[in-house]
Amino acid sequence: MATYRLGSSPAVHTPGIVAWAINGYHFEDDRPQLRKVIVETYNLPEIAADQLLSKKVPYTIEGETVVFTVSDESEPQ
């Protein structure tokens, strides 16, 4: 299990970016690019980004930080 805390900065409001990416992740053709944005922006493993964006794991918002825990080690779709 790994817990990730994705913080915001003056330039990036993480809850908004995550909501935008989750919305776009419904479209299969867009998934690789959206996953890449989240992986590179927050330095996440692809599996963690996939689970967050596909809503396989729940997340919470603490202030301007997105928090989620990944336990499954399967590969992204």
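The values are calculated or read from the model by the stated rules, or taken from the named source; none is laboratory data. The shown structure was predicted, so the numbers you read here are calculated from the model rather than taken from an experiment. Here Cβ is always computed from backbone atoms with ideal geometry, including for glycine, and neighbour counts include all displayed protein chains.
A few remarks follow.
- Condition check for Phe68 on (1) surrounded by fewer than 14 Cβ atoms within 10 Å (Cβ to Cβ); (2) in a strand (DSSP E or B): one failure, at (1).
- Test result for Asp30, surrounded by 12 or more Cβ atoms within 10 Å (Cβ to Cβ), more than 12 Å from the chain's Cα centre (by Cα) and at pLDDT 95 or above: yes
- Subset of the range 5-34 [closer than 14 Å to Val66 by Cβ, outside any loop (DSSP other than H, G, I, E, B) and in contact (Cβ under 8 Å) with a residue 12 or more places away in the chain]: Arg5, Leu6, Thr14, Pro15, Ile17, Val18, Ala21, Ile22
- Residue within the range 35-52 that is assigned to a helix (DSSP H, G or I), surrounded by fewer than 12 Cβ atoms within 10 Å (Cβ to Cβ) and out of contact with any Lys or Arg (no Cβ under 7 Å at 6 or more places or on another chain) present: yes
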